[in-house]
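Nothing in this text is a laboratory measurement; each read-out follows from the coordinates by a stated rule. All figures in this text were calculated on a predicted structure; none of them were measured in a lab. Positions of Cβ are generated from backbone atoms using ideal geometry, with glycine treated the same way; all protein chains shown enter the neighbour counts.
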């Protein structure tokens, strides 16, 4: 079966919490991605890959290696700036939001790119030419990492630094090159196959545990749909096209609504209190909870955040952050992370 054929997101049976966390990130990339962990056979990878078909197309500059946003000319790359200043206009195209897969075999140069040394005899000077890597391709899209707990230390450092800053920086001798790299990081893992570094775990906005506890009728439906997809993927995709389009439209509408969602001081104080009680008092957690709560409200077509929205956001954001030793969330975190990290 061709790799380009993706199982429909709406055809996934059950796992509603996982699907919702992915949809929230599709609406609002500022949430900061999601880590999905659980045993094999829980549709983790299937859902993560299927999400890309629901993302709206992006406007970008034709021929740009970094998917620059032509609307925001203050943040376009040097190449696009030169085009704009030379021609006083740039060609704008629409394209699918990029999906880049990172695996345990990914090497630093393919992820971050390379700086190639060049010496020009004519000018008698040395220069470095940057060759873009996956972090350039993923800008304004998704980076998906299956078995994220098996990544090597160097890849973990590059990913975590880029997620935190939104910029990929390469240095060689006294020369450095940087470009924007803002993406939704989606990771999946089975804790039984290895633990995840604490540094990388902290990069995720949300964290979801999926369990293999489907009801008998759900298991039968999963088997049925899997057989249908394997037998005739084209017809299977058509079967769910209406549901996919409805969800795609709902995500697009929620993106528009999100700009107008307000959150009251009472709700913000409630979020702050919850973080303090969970021994999570730093600004990042509170900011992500606020973003998530606003996105939940937008998904439900509301322009204000309710206490229920905030509670749901707290559960999604604090599950891997709480430091309270008596809290089940802390025990989950400790089970997932290396003791040495």
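Points worth noting:
- Neighbour-count order for 257, 262, 292, fewest beta carbons within 10 angstrom listed first: 262, 257, 292
- Each eigenvalue of the Cα gyration tensor of the chain, multiplied by 5 and square-rooted, gives one semi-axis; in descending order these are 34, 25, 23 Å.
- Theoretical FRET efficiency, 1/(1+(r/R0)^6), r = Cβ-Cβ of residue 40 and residue 128, R0 51 Å, to 0.05: 0.70
- Estimated FRET transfer efficiency (residue 173, residue 105; beta-carbon r; R0 25 Å; 0.05): 0.30
- Footprinting exposure proxy ranking of 85, 320, fewest other C-beta atoms within 10 angstrom first, gives 85, 320.
- Between residue 306 and residue 272, the simple spin-label model (points 7 angstrom out along Cα→Cβ) gives 2.5 nm.
- Part-to-part distance (alpha-carbon centres) for segment 165-195 and segment 79-117, which is given in Å: 14 Å
- Computed over the chain: relative contact order in percent, which uses C-alpha pairs under 8 Å that are six or more apart: 21 percent
- Overall form of segment 233-317: prolate. Here a/c, set by the Cα gyration tensor axes a ≥ b ≥ c, is 1.5 or more, and a/b is the larger of a/b and b/c.
- Förster radius 45 Å - calculated FRET efficiency between residue 59 and residue 192, Cβ distance, rounded to 0.05: 0.55
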